[in-house]
Amino acid sequence: MKVSIFGAGYVGLSFAACLAEAGHEVLCADADLARIEGLQRGLMPLHEPDLEALLAAGLAAGTLQFTADERTACLHGDVLFIVVNTPADAEGRVDLRHVMAVAAGIGRHRDREAVVVCKSTAPVGTADQVEAVLSGELSQRGARLRIAVAANPEFLREGSAVRDCRRPDRVVIGSENPWAVDLLARLYEPFIEDPKQMLVMDRRSAELTKYAANAMLATRISFMNEMARLAEHAGADIEMVRRGIGADRRIGPDFLQAGAGYGGSCLAKDVRALRYAADRDGHALRILSAVEATNHEQKSRLFDLMTHHFEGRIAGKTIAVWGLAFKPDTDDMRDAPSLVLLGRLWAAGARVQVYDPAAMPNARGLIGERDDVRWCDTAQEALQGADVLALVTEWAEFRRPDFAGIAKALRTPAIFDGRNVYDAAEVESVGIAYYGIGRGRSSLLH
């Protein structure tokens with residue numbers, strides 16, 4: 001099947017590469033000419049595991065191509081996916097200009113029937129707006145074409161987008177048009193192991209499903225972070241609590257890790273957008289307001305632990321920071337908890353020595369050159385001359401470090417574990433004070 005994909009971000013690019021691997025003829029379009037030219041040469045614009053090899057395979061087989069020409073992309077596919085960016089401001093208002101620009105372009109250039117699919121995360125009713133824009137453009141030029149508009153939200157996770165695309169938990173198709181549903185079902189057939197994974201519903205329900213899913217995940221995270229604070233006051237260990245409640249089949253173990261707060265391009269943005277839309281319609285979502293507030297506070301938790309450890313005397317200290325990206329296996333710095341920690345440390349007069357396996361260029365672009373930051377090439381370099389270590393992103397290379405070596409490298413050995421990766425007893429056995437999230441103060445200092 002011929003497929004056009006508008007948008008070469010991590011979702012659009014991963015989706016395009018996986019469809020090409022399945023044998024579809026995929027043309028991926030983006031307005032960023034430099035990005036397209038790089039992709040045509042096989043150059044990756046972002047960090048996503050397994051995607052570079054998949055991109056190379058698609059280019060070599062000729063099943064994956066790239067263009068910056070709108071008209072070419074509009075004429076190519078039988079199915080046209082809109083997967084462009086939909087940023088939201090601080091209040092939650094979603095900017096749909098890119099989505100509507102693609103819809104208008106399809107309306108101007110399309111010369112035969114098609115299914116247009118809204119895959120970008122967008123407020124309820126966006127597919128209706130896309131349909132209106134398309135109809136307006138077609139009417140303006142007197143074209144009478146069968147074009148169906150469907151909603152097909154994405155559920156790919158950064159850091160595992162290729163795996164999620166190849167083996168999705170579910171595929172949600174929002175359409176009441178049998179022709180569109182049948183076409184999308186055939187497109188997704190290579191990825192579906194059980195017909196029950198294909199969920200067909202109306203467009204507005206499909207659009208709300210995406211927001212509701214991310215709101216639920218954010219709620220679980222913030223709930224556990226609130227329980228982590230309670231655990232510290234109660235003398236309990238949140239990791240033990242997590243195992244206890246995660247074993248309940250009604251709850252399950254996923255998204256129950258206490259930590260330094262969530263970030264990235266999805267959860268924070270989508271929670272804001274859903275809350276804003278509900279407020280605008282007079283339906284306040286009080287739970288989500290609490291979720292946002294908890295997450296905002298949680299991003300300062302590591303700094304609070306350091307303040308406690310140093311008895312408020314942080315000025316002049318040097319903090320080694322492992323991990324800058326909002327999660328491992330990505331270079332995405334959007335809403336990253338590390339940015340809050342760094343800002344608080346600098347405001348308190350501390351210096352930082354930072355290392356991340358993939359996000360250093362993006363972080364450096366955001367932060368710029370400062371006298372109070374040292375950009376390190378290795379995790380070990382970040383430790384040299386530092387007073388303490390903060391683990392912010394749980395990359396695989398940080399999971400089993402040489403604790404004895406860390407104890408020797410740090411001037412006043414202490415680890416602030418923002419993801420509860422380490423065993424406190426193992427860390428303390430070599431003379432390093434340990435602080436986790438919801439796990440209490442190090443026994444070395446009692």
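The values are calculated or read from the model by the stated rules, or taken from the named source; none is laboratory data. Not measured: the values here are computed from a predicted model. Counting neighbours? That spans all protein chains shown, and the Cβs are built from the backbone with ideal geometry, glycine included. Only protein heavy atoms, including side chains, enter the accessible area calculation; ligands, DNA and RNA are left aside. Shrake-Rupley method; radii C 1.70, N 1.55, O 1.52, S 1.80 Å.
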Quick one: compute the contact order of the chain, relative version, from alpha carbon pairs under 8 angstrom and 6+ residues apart, as a percent.
12
In whole percent, and with a 1.4 Å probe on the protein chains, what portion of the accessible area of segment 126-264 is carbon and sulfur?
53
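Restricting to the chain, what percent of DSSP beta bridges are antiparallel, rounded to 5? Let's see the in-between values first.
Numbers: 2 of 46 bridges.
Rounded to the nearest five, the antiparallel share is 5 percent.
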Report, in whole Å, the centroid distance computed from the Cα atoms of segment 249-276 and segment 327-406.
23
Can you list the lysines whose alpha carbon is less than 18 Å from that of Lys2, not counting same-chain residues fewer than 8 positions off?
Lys119
Tell me, what are the semi-axes, in whole angstrom and largest first, of the equivalent ellipsoid of segment 293-446 as set by the roots of 5 times the Cα gyration tensor eigenvalues?
21, 17, 16
Estimated translational D of segment 242-332 in µm²/s (Stokes, Kirkwood radius over Cα pairs; 4 °C; 1.567 mPa s):
80
Straight-distance crosslink candidates among lysines, where the alpha carbon sits under 30 Å from Lys317 and sequence neighbours closer than 8 are dropped
Lys299, Lys327, Lys408
Please compute the contact order of segment 316-391 in relative form: average sequence separation of alpha-carbon pairs under 8 Å and at least six residues apart, divided by the residue count, as a percent.
44
Per the C-alpha gyration tensor (a ≥ b ≥ c, the square roots of its eigenvalues), the chain is rounded if a/c is under 1.5, else prolate if a/b beats b/c, else oblate; here it's prolate
Share of carbon and sulfur in the accessible heavy-atom surface of segment 326-418 [1.4 Å probe, %]
48
Segment 1-94, accessible surface, carbon-and-sulfur percent (1.4 angstrom probe):
48
Name the cysteines of the chain that stand alone by the Cβ rule: no other cysteine Cβ under 4.7 angstrom.
Cys28, Cys74, Cys118, Cys266, Cys376
Normalised by the number of residues in segment 4-46, what is the relative contact order in percent for Cα pairs under 8 Å and 6+ residues apart?
38
Expressed per residue, the solvent accessible area of the chain in Å² (1.4 Å probe) is about 44
Between segment 308-326 and segment 93-120, the alpha-carbon center distance in angstrom
47
Alpha carbon convex hull of segment 223-287, projected area averaged over orientations, nm²:
5.7
